[in-house]
Structure formats: structure tokens, C-alpha cells
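The values are calculated or read from the model by the stated rules, or taken from the named source; none is laboratory data. This structure is a prediction, so every number in the text was calculated from the model and none was measured. Because the Cβ atoms are built from the backbone with ideal geometry, glycine has one as well, and the counts that use them run over all protein chains shown.
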Amino acid sequence: MSASEAAVTITPRENGPYLVEGPARVVGPDGQELEHKAVFALCRCGASSNKPFCDGTHARIGFQAPGAKPARPAGQ
Ligand code: FES
């Protein structure tokens, strides 16, 4: 796999955001690309003041993520 074909990895954090690692693009509803760091977190709790990004609010509100394990792991 070349650098340009690098995979994006999205990891749900326990009771927290989706951690995104890799060459991802994030665009808003208007199609404009949103700036982000090389590794960034997407809000999963719905309470961030900086959606779609996580701003840490999940910890303050005690967010509990449903389903700790995926319904169907890859390759199964
Ligand atoms: S997951 Fe962090 S603010 Fe929503």
C-alpha cells in the first residue's frame, strides 16, 4: 500500500468519540472542506459545541456509548 493509498482507521473510544487516523477529508453540509488535525476525533455523543468534532463534552455529561462491541467484526 503506497502513502497515497493509506487506509483511514476509525476507532470508537470507550464512551467517547470516533478517533480518525489517516488521510481523511471532512466536509460540511455545504461541501466545504473542514480543517482538522492529522489525527482527530468526531463527536459520537451529540453534545459537542464544535460538531462534527469532539470538544470533550462527552466526559462532562457522562456519555455512555451503546454497544461496546461491533455487531459484526470485519471478516466474519
Ligand atoms: S464525543 Fe466528545 S463531545 Fe461528543
If you go through the stretch 27-66 one residue at a time, how many are surrounded by 14 or more Cβ atoms within 10 Å (Cβ to Cβ) and among the aliphatic types (A, V, I, L, M)? 4
Among the residues listed as Ala74, Ala47, Ala41, the single one being outside any loop (DSSP other than H, G, I, E, B) and either farther than 9 Å from Gly16 by Cα or without any contact (Cβ under 8 Å) to a residue 60 or more places away in the chain (or both): Ala41
For Ile10, indicate whether it is at pLDDT 95 or above, out of contact with any strand residue (DSSP E or B) (no Cβ under 8 Å at 6 or more places or on another chain) and of a type outside the set (Gly, Ala, Ser). no
Please verify whether Ala24 is within 16 Å of Cys54 (Cβ to Cβ), away from the ligand (no atom under 15 Å from the Cβ) and surrounded by 14 or more Cβ atoms within 10 Å (Cβ to Cβ), treating the condition exactly as stated. yes
